[in-house]
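The values are calculated or read from the model by the stated rules, or taken from the named source; none is laboratory data. Remember, it's a predicted structure, so these values are computed and weren't measured experimentally. Here the Cβ positions follow ideal geometry from the backbone for every residue, glycine too, while neighbour counts run over all protein chains shown. SASA here: full protein model, heavy atoms, side chains in, ligands and nucleic acids out. Shrake-Rupley method; radii C 1.70, N 1.55, O 1.52, S 1.80 Å.
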Amino acid sequence: MINNPGGANLRLELREPRDGPMRPLSDFAQSIVNLRRRGLIHPFEIIEILQHANGTDGDGNLLATFAEYDLSEAGVLEQVSRPRGQNSANVVTGVVSNVSARYPDGMRRVIILGDPSRGTGNLAEPECRRIIAAMDLAEEQGIPLEWFAVSAGAQISMESGTENMDWIARVLRRIVHFTQRGNELNVIVVGINVGAQPYWNAEATMLMHTKGILVMTADGAMVLTGKRALDYSGGISAEDNRGIGGYERIMGPNGQAQYFASDVSEACRILLDHYRFTYTAPGERFPRVAATHDPIDRDVQKSPHGGDFPMIGEVFSLQQNPDRKLPFEIRQVMAAVADSDMPTMERWHGMQHAETAVVLDAFVGGRSVALLGLESKPMPRLGFVPADGPSQWTSGTLFPVASKKIARAINAASGNRPVVILANLSGFDGSPESMRRWQLEYGAEIGRSIVNFDGPIVFCVVSRYHGGAFVVFSKTLNENMEVA
């Protein structure tokens, strides 16, 4: 028997062949088989992946737990004990916890999983009540909420009318209040999301104030109207639903999705890696300090650069780089600043027209930070280039989409962890194209994110710092900013 529940460690087990009659599959097992035939995954399979993600302890016990919750008569979520797959609504809710070295007590989160085995995960009052109750539980306990979303949208039935849309609106209102209070809602798109669900995903993860991440799998797509309906109505569609709202062509380039995962197992690993940087236990101010063996007195300038400069220190040398005008790789400088024995994660890697801004989740001195850098070399533009815009993304210049990316990153870290900015800023691009594409609005969003930021900001000038950037990153905006 071959088994790979965690998506990382393939297990091969040998057993003696059985000569008894084959037993019929249970209703739960048949449900899993039917979903796999349609290229879908059962919510309890996702739970099993999360439970196996951290492996086992010395006694063979899993380092993760899941407790299923359901609505009580009072309308609140309470823990239930029942066989898997006995949920009466098209969503599964519960509390999941993964143990790590920094959190031996577990990283507890509330979880919502769409159930495509029931009505393709469509949404009506039973589902909406549970989703709202899950947000209530997460806010009450001060823990994140994660949502594995697959849904055909609002239920269309002869037995129900516009009341389903009223319940959809109630959930949207609750998401707005939940995120505006600083709560974290992470969404993982594991299948086709239609209609209401994409708008819920957007309210949870895409707006300037939101802290949650949006992870899309290769099979995930967010569409307002499915391909077949668009074709039938004479609208404009694509060759499939992923062409309308998948990561590769739509949600990755426009920056609405932050991460791509090849499958659900990788999506779960990305989610847990995200918590490695951001998870804050209830009642604590910041994520716990990680154990690092990177020497506190390590000479960053002696770190290898690998580009035009053999060593990072030559980037700052008066002899090799007078006035610091020669191009260099900002990612190499960021890697030198981050702890050398700790991982980093880059957000919005596929975001087009934002290439000059780099956003990393990293550790510095064992402390989790949002590490921001501005590219110090010209970047080629991809696709159509308007005649009234720059022919390339110039070094140290903030363009509209890069400004939006920086503002979103600062907002996401606010109240959670410090921000470290490695500044190479010669101002904002003032071309007609940039002005037409909301340069003033997105530049102002950076200023607002600095003013509202809750926590320490370290602003280190590594090359240039002048122009309009001097205004939106000014120390006057936030007394918790340290400038070097």
Computed over the range 237-285, the convex hull of the Cα set has an average projected area, in nm², of 4.9
When the distances between all Cα atoms of the range 45-182 are binned every 5 Å from zero, what whole-number percent does each bin get? 2, 9, 18, 21, 20, 14, 8, 4, 2, 1, 0, 0
Using alpha carbons only, how many degrees (0 to 90, rounded to 10) separate the axis of helix 439-452 from the longest principal axis of the chain? 80
Please return the longest stretch of the chain lacking exposed loop sites, where trypsin sites (Lys or Arg not before Pro) count only if DSSP places them in a loop and at most 14 other Cβ atoms lie within 10 Å. 326-484
Given N residues in the range 296-382, what is its alpha carbon radius of gyration divided by 2.2 N^0.38 Å? 1.13
Net charge near GLY255 (other residues with Cβ under 12 Å of its Cβ; Lys, Arg +1; Asp, Glu -1) is +3
Sorted largest first, extent of the chain alpha carbons per principal axis (Å): 81, 59, 44
Is it possible to state the helix-based mean residue ellipticity at 222 nm for the chain, with each DSSP H run of 4+ residues giving -39500 (n - 2.57), the sum divided by total residues, to the nearest 500 deg cm²/dmol? What is it? -8500 deg cm²/dmol
Across all Cα atoms of the range 312-460, Rg and the largest Cα-Cα distance (Dmax), in Å, are 15.5, 47
Might you report the magnitude of the Cβ-based charge dipole of the chain about its Cα centre, with Lys and Arg at +1 and Asp and Glu at -1, to the nearest 20 debye? 560
Set of the range 79-110 residues, backbone N closer than 17 Å to the point 7 Å along the Cα-Cβ line of ASP27: 81-92
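Order ASP263, ASP361, ASP294, most accessible first, counting only protein heavy atoms with a 1.4 angstrom probe.
ASP263, ASP294, ASP361
In square nanometres, what is the average projected area of the Cα convex hull of the range 205-357?
13.7
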Can you give me the P(r) profile for the range 145-253? Cα pairs, bins 5 angstrom wide beginning at 0, each as a whole percent. 2, 12, 20, 21, 19, 14, 8, 2, 0
I'd like the orientation of helix 43-52 relative to the chain: the angle between its Cα long axis and the longest Cα principal axis, in ° from 0 to 90, rounded to 10. 60
With a point put 7 Å past each Cα toward its Cβ, work out how far GLU125 is from VAL471 in nm, to one decimal. 5.3
Here the gain from full extension of ASP231 to ASP57, 0.36 nm per residue of separation minus their alpha-carbon distance, amounts to 57.3 nm
Identify, among THR344, GLY234, LEU77, the residue whose Cα sits farthest towards the positive end of the charge dipole of the chain, taking +1 on the Cβ of Lys and Arg and -1 on the Cβ of Asp and Glu, with the dipole about the Cα centre. GLY234
Taking a 18 Å limit on the Cα-Cα distance, which of the listed pairs LYS377/LYS475; LYS405/LYS475; LYS211/LYS405 fall beyond it? LYS377/LYS475; LYS405/LYS475
Taking only protein heavy atoms and a 1.4 Å probe, what accessible area per residue, in Å², does the range 36-94 have with all protein chains in place? 54
How much net charge surrounds VAL99 when only the other residues with a Cβ under 11 Å from the Cβ of VAL99 are counted, with Lys and Arg +1 and Asp and Glu -1? 0
Send over a whole-number figure in Å² for the accessible area per residue of the range 208-268, probe 1.4 Å. 45
Of MET222, MET311, MET208, which has the most accessible area with a 1.4 Å probe, and how do the rest follow in descending order? MET311, MET208, MET222
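So, with a 1.4 angstrom probe, what is the percent of accessible area on the chain that is carbon and sulfur?
Solvent-exposed carbon and sulfur of the chain make up 53 percent of the total.
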14 Å beta-carbon shell around PHE459, net charge (K/R +1, D/E -1): 0
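Let's test the formula: R0 of 30 Å, r as the Cβ-Cβ distance of VAL76 and ARG38. What FRET efficiency results, to the nearest 0.05?
Rounded to the nearest 0.05, the efficiency is 0.35.
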Once you keep just the Cα pairs under 8 angstrom separated by 6 or more residues, what percentage relative contact order results for the chain? 8
In terms of solvent-accessible area of protein heavy atoms at a 1.4 angstrom probe, what is the ranking of THR93, THR280, highest value first? THR280, THR93
Between the Cα axis of helix 27-37 and the main Cα principal axis of the chain, the angle (0 to 90°, nearest 10) is 50
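Relative contact order, percent, of the range 275-343 when contacts are C-alpha pairs under 8 Å separated by at least 6 residues?
Numbers: 55 pairs, mean separation 18.3, N = 69.
Relative CO of the range 275-343 lands at 27 percent.
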Counting only DSSP beta bridges fully inside the chain, the antiparallel percentage to nearest 5 is 50
Quick check on the range 307-448: of the DSSP beta bridges with both residues there, what percent are antiparallel, nearest 5%? 75
